[in-house]
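J.: First, the structure itself, so that you have it in front of you.
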Amino acid sequence: MNATLRTSKGDITIEFFDKQAPNTVANFIKLSKEGFYDGVKFHRVIKGFMIQGGDPLTKDDSKINLWGTGDPGYKFADEIDAKSDLYTKTGYAKGIVAMANSGPNTNGSQFFIMTENYPLPPLYAIFGKVTSGQDVVDKIANVQTGAGDRPVDAVIINSISF
């Protein structure tokens, strides 16, 4: 299954790795269909590394100091097989989509999209890859950022469709 993120910078299509990360994919699809991600901003952009979104607190600019800490009200377990080809051969390559977390088994709603190949340790569940719209990811990756790697001008996920 694929999902298309309709952002304020253009569309990004993601192909899911539902065999390798079935719970992570199911969670992303569930939240997307509930409209959870509609209006959420990409709150962290690090050039040459990744773009991160999925925090519901980013819908409220008065909570900017809390951006990066929000979740759907629950946490779920990692789905990481560090010995699988997904991690040993593909790894965190440009276009890979993975869960952001604050430690083991703390996945919720935040995710990141790799903008370059980067040798991260296998601590983040990889659950998809960009199949279309990498140019949009690159556009987001190159926006001007300020404190906390936050884009100066908001980059918003308007909706996600399947």
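J.: Step by step: first the residues of the stretch 71-85, then only those that are in contact with a strand residue (DSSP E or B) (Cβ under 9 Å, 6 or more places away or on another chain) and of a type outside the set (Val, Ile, Thr), then the one that is most open to solvent (accessible area, probe 1.4 Å). Which residue is that?
T.: If we take residues in the stretch 71-85 being in contact with a strand residue (DSSP E or B) (Cβ under 9 Å, 6 or more places away or on another chain) and of a type outside the set (Val, Ile, Thr), then LYS75 is most open to solvent (accessible area, probe 1.4 Å).
J.: When the stretch 1-14 is examined, which residues are found to be open to solvent by 30 Å² or more (accessible area, probe 1.4 Å) and either closer than 18 Å to ALA100 by Cα or at pLDDT below 95 (or both)? Even if it seems obvious, please write down each step before you answer.
T.: Taking the stretch 1-14 and keeping what is open to solvent by 30 Å² or more (accessible area, probe 1.4 Å), we get 1-2, 6, 8-9, 11.
MET1, the sole residue that qualifies.
J.: Here's something else I'd like to know. Please go through the stretch 105-118 and give me each residue that is surrounded by fewer than 21 Cβ atoms within 10 Å (Cβ to Cβ) and within 29 Å of GLY35 (Cβ to Cβ), ordered by number.
T.: Within the stretch 105-118, ASN105, THR106 qualify.
Yes or no, residue by residue, for (1) hydrophobic (A, V, I, L, M, F, W, C); (2) more than 13 Å from the chain's Cα centre (by Cα):
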residue: GLY68; (1), (2): no, no
residue: PHE76; (1), (2): yes, yes
residue: ILE80; (1), (2): yes, yes
residue: LYS83; (1), (2): no, yes
residue: LEU86; (1), (2): yes, yes
residue: ALA98; (1), (2): yes, no
residue: ASN107; (1), (2): no, no
residue: PHE111; (1), (2): yes, no
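J.: Which residues, taken from the stretch 119-149, are part of a loop (DSSP other than H, G, I, E, B) and open to solvent by less than 50 Å² (accessible area, probe 1.4 Å)? Break it down into steps so the answer makes sense when it comes.
T.: Start the filter on the stretch 119-149 by keeping residues that are part of a loop (DSSP other than H, G, I, E, B), which leaves 119-125, 133, 142-144, 146.
LEU120, ALA125, GLY133, VAL143, GLY146, listed by residue number.
J.: Hey, among the residues in the stretch 36-62 that are free of Cβ contacts under 8 Å to residues at least 24 places away in the same chain and farther than 16 Å from GLY146 by Cα, which one's surrounded by the fewest Cβ atoms within 10 Å (Cβ to Cβ)?
T.: For the stretch 36-62, the residue satisfying everything is SER62.
J.: A further question on this structure: Which residues, counting only those in the stretch 150-162, are aliphatic (A, V, I, L, M) and assigned to a loop (DSSP other than H, G, I, E, B)? Show your work before the answer.
T.: Of all residues in the stretch 150-162, those aliphatic (A, V, I, L, M) come to 152, 154-157, 160.
Within the stretch 150-162, VAL152, ALA154, VAL155 meet the criteria.
The values are calculated or read from the model by the stated rules, or taken from the named source; none is laboratory data. Quantities reported herein were computed from a predicted structural model and do not represent experimental measurements. Here the Cβ is made from the backbone with ideal geometry for all residues, glycine too, and neighbour counts use every protein chain on show. Note: areas computed on protein heavy atoms with side chains; ligands, DNA, RNA excluded. Shrake-Rupley method; radii C 1.70, N 1.55, O 1.52, S 1.80 Å.
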